[in-house]
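Trainee: First, the structure itself, so that you have it in front of you.
The values are calculated or read from the model by the stated rules, or taken from the named source; none is laboratory data. Since we're looking at a predicted model, the values are computed, not measured. Backbone-built Cβ (ideal geometry, glycine too); neighbour counts: all protein chains shown. For accessibility, only protein heavy atoms count, side chains too; no ligands or nucleic acids. Shrake-Rupley method; radii C 1.70, N 1.55, O 1.52, S 1.80 Å.
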Amino acid sequence: VGGQDRFGATDVRWLRSDRGDPSSNEEAVAQLQVTVKDGDAAKVGRAFSRAAVELGLATYPGFAMTGPPGDSDPYAVYWPASIPAETVEQRVVFDDGSALEVLLPPYKPEPSQPAPAQEPGPLDPAPTRRAPLGTVAGARSGDKGGNANLGVWGRTADGYRWLEAFLTVDRLRHLMPETAGLVVERHAFPNFAALNFVIHGLLGEGVASSTRLDPQAKTLGEYLRAKVVEVPESLLGTPDQGQPTNPRVAYS
């Protein structure tokens, strides 16, 4: 088959779902995911998958495939872009076949010198207790081509004050090491008590060509909420009171 330089792109991921002293067969298994891409379908089709099976079966016990050798699959590449609104004709077509042109709303330029926002200062973080970030924050995430959007919001006004000061781009990179080397934008929406992160290139060339286990970044928000961080005890309540209750839950 040749080395990885033989292909247009190669991605290898070691997915550790195994556990010590497993309680089921599934908990004793980890996955090695190898993805190859090329403009020549013959390079990445049955010839590659057959060689991978033969190599695995000839090496060590316990190797298993998720499927038999097969042909390659085509994939699409797409990316979000902005175009002038006036270049898109918008029409509403009714049941009788008649159509109504939708006019563009009037454009109101932003003020040249917007008034400074009157925002409260950061919440005093001391003392703190280690807890999952999701205890005090909600999140939702998804894809825009090869970019991932990650929205995070505070459950209370004080929760947002802390979140706005705590969850910087550098902190997000520390909590999510796979963002290293990627451009990450942060946008604050204080009126919604929310932050939005745009992680450029996390999904590769788009959902249809992404090699991630979750190509649409739907689980990215819950991944962040599962991270254990130092949270102010004033947001958590006392240990005997338990975690604060809030009916707002984000589903992806």
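Trainee: Using a 1.4 Å probe on the protein heavy atoms, what percent of the accessible area of the chain belongs to carbon and sulfur?
Mentor: Ligands and nucleic acids excluded, carbon and sulfur reach 54 percent.
Trainee: Over the range 129-176, what number does the Rg to Rh ratio reach, with both radii from the alpha-carbon atoms and Rh per Kirkwood?
Mentor: 0.99
Trainee: Within straight cross-link reach of Lys218, meaning Cα distance under 19 Å, which lysines are found once same-chain residues fewer than 8 apart are removed?
Mentor: Of all the lysines, those that pass the test against Lys218 - Cα under 19 Å, at least 8 places apart if same chain - are Lys144, Lys227.
Trainee: Hey, rough spin-label estimate for Leu104 and Arg46, points 7 angstrom out along Cα→Cβ, what's it come to in nanometres?
Mentor: Label at Leu104, label at Arg46, 5.4 nm between them.
Trainee: Mind checking the dipole of the chain: about its Cα centre, +1 per Lys or Arg Cβ, -1 per Asp or Glu Cβ, Debye to the nearest 20?
Mentor: Result for the chain is approximately 460 debye, rounded to the nearest 20.
Trainee: Another question, if that's okay. So what's the back-of-envelope 222 nm ellipticity for the chain, counting only DSSP H runs of four-plus at -39500 (n - 2.57) apiece and dividing by all residues, rounded to 500?
Mentor: -4000 deg cm²/dmol
Trainee: With every protein chain present, what is the per residue accessible area of the chain (1.4 Å probe, Å²)?
Mentor: For the chain, the per-residue accessible area is 67 Å².
Trainee: Please return the longest range in the chain lying between exposed loop sites, taking trypsin sites (Lys or Arg not before Pro), DSSP loop only, at most 16 other beta-carbon atoms within 10 Å, and leaving the sites out.
Mentor: Here the longest segment lacking exposed loop sites spans 20-217.
Trainee: Mind checking the log10 I(q)/I(0) for the chain at q = 0.09, 0.14 Å⁻¹? Debye, one equal scatterer per Cα, no solvent, two decimals.
Mentor: Result of the Debye calculation: -0.64, -1.11.
Trainee: Obtain the nm distance between the two label points defined at Ala30 and Phe189 by a simple spin-label model: each point lies 7 Å from its Cα along the Cα-to-C-beta direction.
Mentor: Between Ala30 and Phe189, the label points sit 3.9 nm apart.
Trainee: Taking 25 Å as R0, compute the FRET efficiency from the Cβ-Cβ separation of Glu54 and Ala76 and round it to 0.05.
Mentor: Working: r = 31 Å, r/R0 = 1.22.
Result of the calculation: an efficiency of 0.25.
Trainee: Assuming R0 = 35 Å, can you tell me the calculated FRET efficiency for the pair Ala157 and His200, based on Cβ-Cβ distance, to the nearest 0.05?
Mentor: Calculated value: 0.70.
Trainee: In nm, to one decimal, how far is the modelled label at Val88 from the one at Phe63, with both set 7 Å along Cα→Cβ?
Mentor: Placing both labels 7 Å beyond Cα along the Cβ direction yields 4.9 nm.
Trainee: From Cα coordinates alone, what are the radius of gyration and Dmax values for the range 96-230 in angstrom?
Mentor: 18.5, 66
Trainee: Roughly how many Å² of Thr59 are accessible to a 1.4 Å probe, to the nearest 10?
Mentor: Solvent-accessible area, nearest 10 Å²: 80 Å².
Trainee: Running a GNM on the chain with Cα contacts under 10 Å, which residue among Glu185, Glu164, Glu86 ends up with the highest mean-square fluctuation?
Mentor: Evaluated over the chain, the most mobile residue of the options is Glu86.
Trainee: Pull out a ≥ b ≥ c, the square roots of the eigenvalues of the alpha-carbon gyration tensor of the range 39-81, then state rounded if a/c is under 1.5, prolate if not and a/b is larger than b/c, and oblate in the remaining case.
Mentor: On the way: a/c = 3.48, a/b = 2.17, b/c = 1.60.
Prolate, since a/c reaches 1.5 and a/b exceeds b/c.
Trainee: Any idea what the relative contact order of the chain is, in percent, if you count C-alpha pairs under 8 Å spaced at least 6 apart?
Mentor: Dividing the mean separation by the residue count of the chain yields 19 percent.
Trainee: Where the centroid of each part is defined by its Cα atoms, how far is the range 155-170 from the range 203-229 in Å?
Mentor: Cα centroid to Cα centroid, the span is 22 Å.
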